[in-house]
Structures are given as structure tokens and as C-alpha cells.
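Asker: Take a look at this one; I'll ask things after.
Coordinate-derived values only; no laboratory data. It should be emphasised that the depicted structure is a prediction, and the values quoted were computed from it without experimental measurement. Quick reminder, even Gly has a Cβ in these numbers, built from the backbone with ideal geometry, and neighbours come from all protein chains shown.
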Amino acid sequence: MRKDTSLIHLGRDHGDNPTSVNPPVMRASTILFPTLEAYEEAGARKYTNTLRYGRHGTSTSFALQEAMTKLEGGYGSCVLPSGLAAIASVLTAFAKPGSHLLVCDTVYGPTRAFCDGHLRSIGVEVTYFAAGICDGIAELIRPNSCAIYCEAPGSCTFEMQDIPAISKAARAAGIPVLHDNTWATPYYFDSFAKGVDVSIHAATKYIVGHSDAMLGIVVCNEATWQTVRGVVGAFGYAASADDCYLALRGLRTLGLRLQRHQESALKLASWLEGHEAVARVLHPGLPSNAGHAIWKRDFTGASGLFGVVLKTGDRAAATAFANSLEHFGIGSSWGGYESLVTLPQPTRTIEPVSPGGVLVRLHVGLEDPEDLIEDLDRGLALLLDRSAKQAG
Ligand SMILES: *Cc1c(COP(=O)(O)O)cnc(C)c1O
């Protein structure tokens, strides 16, 4: 099955009995068994998508887990109550006191905060590396290195990482590559085929796709599965059956939505690149982007989130620009059907961010892209006007 067909069929049980198209929401704490023997037998089959107790999941989360595992080509997956819970659990599974962790400098802010806060406080050494490091990563691996954490493209600045090259060095050292695949989703990046060992998703974003649920999903290969599942189980994480249902429903239209997000975002990105108020557009799908060749080689598409560096360094002017937009909501998160704008200020310790202008992050939703371009055009005209008045 190709991906578009997989998205329709995965996680749906076509049994012989009449049934709804979507798997039902099975809410449960207690699961009832006909006999004590059957109950105890289920207990022996921990973490195998077997009904036993609500915390270990129900038929709804099992359906989502099976769909995600097959879609991405992993061995097993688990659901958690948020993307950040997924990241924190995976890092905790590998980073022990006294070990050393390699983390890409361009990771999602809360991931960096977890590394600098909790992990350092329990005695994990954390080294950040430049997104463009490629096989240079081998020089940073130490005898006590426990894992390499990647996120491609990078949060807010969208630098690519050469994941196959990083994976080659990691394999040689016998350590896993952990990757936040939220931006591309399994639809546009085949984590396991590119050498990733654990793929992490903020399903909150494109998989749920409608900005109405929080959910994390971790997909593991066989070598990492027990380690990760054990930690998630030990912490007692359970994701709600209702949220798993929404994620499963979101998967059905993921391909179609992403195709539209990609097309519209590229249209806006190219248009912005030619605008006189814009210094640079940060989108790996643009040929002008430093990461374009790697993106083209490793990814099969791009989603709807990218960055724009304005020529102005005046934050008040950029704030007025964001406030002036009619079709771009202001708020956290992305991956829903609606367009969003923020002015992020990401932390970097290895490579500084966008010297010069203010950084704008756009999420391009499913609106008509011409309306979005007209909206940005109006906003940027006001911005230029304001700069001209200040100069004159
Ligand atoms: C939003 C986000 C997360 C965290 O997901 P939540 O569900 O909000 O906890 C993780 N990684 C990336 C890249 C994100 O954008």
C-alpha cells in the first residue's frame, strides 16, 4: 500500500461483523474479564496492545498505535498526553546520571529547557551541536554518550540536519538517534529508513490537525522499544481515548491536508522572498535555502510552517505587522487548518539566530493562499510605510 491508501486503512479492523467506519471510543479504567485466569493471562502480556487496565490503553489507543507503527515503519509505538511528555520520556529513557547527550542546537525550546533543567540537574552532560554538522558529529561522541537528539528542520529557524550521516556515526558508536518528526510527519519523512531509532511526534500538530487535542506519539524500532515503553509505563502516562480517536480521525486526511499546506506555504514563501520588506525566508523547500539539497534528498515534502526574517530589526514595528494581519491567528502551536503568526525568539548557544531583522514564524493553513498573500501584502505595506516615516 502507498501512503495515501495506508492512511485510510491503518488502524481499522475490518472484521466480519457490521461496524462503524471509525473505531469506537473505548473509555475505560477497569477492564472486566470473564475469569481470573483470563485477567492474569492478560497481565503477562504487558505492552502488546492487550486489554488489561485503562492506563495501558484501550482498543482506541491500540488502533492509533498500530496505525502509526505501520505508517512510519517502526516496531512499536505508544501514546502520551502531549508531545513534550513524549520528548521528556524518550530522553529520560536514555540519558542516565553520568551519561552524555548530544542535542541539536536548533531544537524546540521546551526540549532544550528539559535538557538544561531536569537532565543537567540529575547529572547528565549535554552538548549542543550545529544543525549542519553532518559526519562531524563523530568527533563529539564520547565513551559515555547515550544518544543523539535531532529535530529536522530546526524549530523556528528551519535548518536541515543530515540525519543519515548522523545515524551512521551513531551506529558506529552503538548509540540511538532520537528524532522529533513533528514538522514532516511520517507522510513526508521516513524516519526509520533514514536511520532514526526513535521517532517522536507532537500529534497535537498535524496528526490531530484541528487544534483541539493535546497528544504525543513515540514510534520505536525493535532495539529501542522495550527501553522506551518501560519508561513511559513506569511514569504512568495514559492518553485519553477521546484524544486518540481525534488523532486517528486526523490521520485519514493527513495526506490531503499536508499537500495543501505544502503547496500554499511554498507559494507564500516564494512570494515573500521577492518582497522588499523581507531579508530572508527560512524554508528548506526553497532552492535558496542552505538545507535545500538535504531536504530534497531525504524528505518527500514540506509542511506549512516556515520562518521569515524581516529587514527591520524594530520589534515594535514587527508586532504591529503581526497584529494587523486578518487571516493569521496569534497563538501557540500549529498544524491545524488555520494560519498563525508569532515572533519567536529561540535560544541558540552554538549558532546565533538571524542577525539583523526580526524573525516571524508563519503557519500556513488551508485558506485560499491568495487571501493570505493579500493579507501579508497589506501588513508589509504598513510596515514599509512606518519605516519610511521614521526615516523621513
Ligand atoms: C509543539 C511541539 C512539541 C510539543 O508538543 P505538545 O503537544 O505541545 O507538548 C514538540 N516538538 C515540536 C517540534 C513542536 O513544535
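Asker: If you build a Gaussian network model of the chain, linking Cα atoms that sit under 10 Å apart, which residue out of Ile148, Ile217, Ile175 swings the most?
Answerer: Sorting by GNM fluctuation, first place goes to Ile175.
Asker: State which entries of Lys3/Lys296; Lys46/Lys168; Lys267/Lys296; Lys70/Lys267; Lys267/Lys311; Lys46/Lys194 exceed 24 angstrom in Cα-Cα distance in the structure shown.
Answerer: On the way: Lys3/Lys296 18 Å; Lys46/Lys168 33 Å; Lys267/Lys296 17 Å; Lys70/Lys267 32 Å; Lys267/Lys311 20 Å; Lys46/Lys194 30 Å.
Beyond 24 Å: Lys46/Lys168; Lys70/Lys267; Lys46/Lys194.
Asker: Which values of log₁₀ I(q)/I(0), to two decimal places, follow from the Debye formula for the chain at q = 0.07, 0.12 Å⁻¹ with a uniform point scatterer at every Cα?
Answerer: So the normalised log intensities work out to -0.34, -0.94.
Asker: Let me ask you something else. Ordered by residue, what ³J(HN,Hα) values in Hz, to whole numbers, does the range 187-200 give under the Karplus form 6.51 cos²θ - 1.76 cosθ + 1.60, where θ = phi - 60° and Gly and Pro are x?
Answerer: Taking θ as phi minus 60°, the curve returns 5, 10, 9, 8, 3, 6, 5, 9, x, 7, 9, 9, 10, 10 Hz for the range 187-200.
Asker: Here is a follow-up. Starting at 0 and stepping by 5 Å, how many percent of the alpha carbon pairs of the range 229-320 end up in each bin?
Answerer: 2, 11, 14, 15, 13, 11, 12, 11, 8, 3, 0
Asker: Give me the compactness ratio for the range 130-239, meaning the Cα radius of gyration over 2.2 N^0.38 Å.
Answerer: That ratio works out to 1.11.
Asker: Please compute the modelled spin-label separation between Ile350 and Phe235, points set 7 Å along Cα→Cβ, answer in nm with one decimal.
Answerer: Inter-label distance under the simple model: 2.4 nm.
Asker: Given the options Asn289, Phe306, Ile330, identify the residue whose Cα lies farthest towards the positive end of the charge dipole of the range 269-337 (+1 on Cβ of Lys, Arg; -1 on Cβ of Asp, Glu).
Answerer: My answer, from the dipole projection, is Asn289.
Asker: Per residue of the chain, what 222 nm ellipticity follows from adding -39500 (n - 2.57) for every DSSP H run with n ≥ 4, rounded to the nearest 500?
Answerer: Working: 13 runs with 148 residues, N = 392.
Rounded to the nearest 500, it is -11500 deg cm²/dmol.
Asker: Based on the mean of other Cβ atoms within 10 Å per residue, sort peptides 345-355, 10-20 so the most packed one is first.
Answerer: So the order, starting with the most tightly packed, is 345-355, 10-20.
Asker: With only Lys, Arg, Asp and Glu charged, each at its Cβ (+1 for the first two, -1 for the last two), find how big the charge dipole of the range 91-164 is about the Cα centre; round to the nearest 20 debye.
Answerer: Values: 4 positive and 8 negative charges, 71 e Å.
Approximately 340 debye in magnitude.
Asker: ³J(HN,Hα) across the range 4-18 via Karplus (A = 6.51, B = -1.76, C = 1.60, θ = phi - 60°), whole Hz, x for Gly/Pro?
Answerer: Ordered by residue, 3J(HN,Hα) equals 4, 6, 4, 4, 7, 9, 5, x, 10, 8, 8, x, 7, 8, x Hz.
Asker: Pick from Arg257, Arg120, Arg297: which is most flexible by mean-square fluctuation in a GNM of the chain where alpha carbon atoms under 10 Å apart are linked?
Answerer: Arg297
Asker: Across all directions of projection, what mean area in square nanometres is found for the Cα convex hull of the range 302-387?
Answerer: Average of the hull's projected areas for the range 302-387 equals 6.0 nm².
Asker: Just want the ordering: Arg229, Arg27, from fewest to most Cβ atoms lying within 10 Å of their own Cβ. Let's see the in-between values first.
Answerer: Numbers: Arg229 20, Arg27 12.
Lowest to highest Cβ neighbour count: Arg27, Arg229.
Asker: What spacing in nm lies between the two simple spin-label points modelled at Ala391 and Val25, each 7 Å away from Cα in the Cβ direction?
Answerer: Each label point is offset 7 Å from its Cα along the Cβ direction, giving 5.5 nm.
Asker: Sorting Trp225, Trp183 on the 10 Å Cβ count, fewest up front, what's the list? Write out the running numbers ahead of the final one.
Answerer: Values: Trp225 21, Trp183 27.
Ascending number of Cβ neighbours within 10 Å: Trp225, Trp183.
Asker: Pick out, in residue order, every one of the GluC sites (Glu not before Pro) in the range 250-293 that is DSSP loop and has at most 11 other C-beta atoms within 10 Å; say none if there are none. It would help to have the intermediate numbers written out before the result.
Answerer: Values: sites: Glu263, Glu273, Glu276; in loops: Glu276.
Here the GluC sites (Glu not before Pro) that fit, given the DSSP loop and packing criteria, are Glu276.
Asker: Right, something else. Taking the chain as a Gaussian network, Cα atoms linked when under 10 Å apart, which of Thr106, Thr224, Thr204 shows the biggest mean-square fluctuation?
Answerer: In the Gaussian network model the winner is Thr224.
Asker: Now for a different question. Name the long-range amide H neighbours of Val278: under 5 Å, sequence gap of 5 or more, or other chain; modelled H, no Pro or chain starts.
Answerer: Lys311
Asker: What is the order of Lys296, Lys70, Lys389, fewest Cβ neighbours within 10 Å to most?
Answerer: Lys389, Lys296, Lys70
Asker: Along the charge dipole of the range 1-146, pointing to its positive end and built from +1/-1 on Cβ of Lys, Arg, Asp and Glu, which listed residue (Met68, Ala93, His56) has its Cα farthest out?
Answerer: Comparing the listed Cα positions along the dipole, His56 ranks first.
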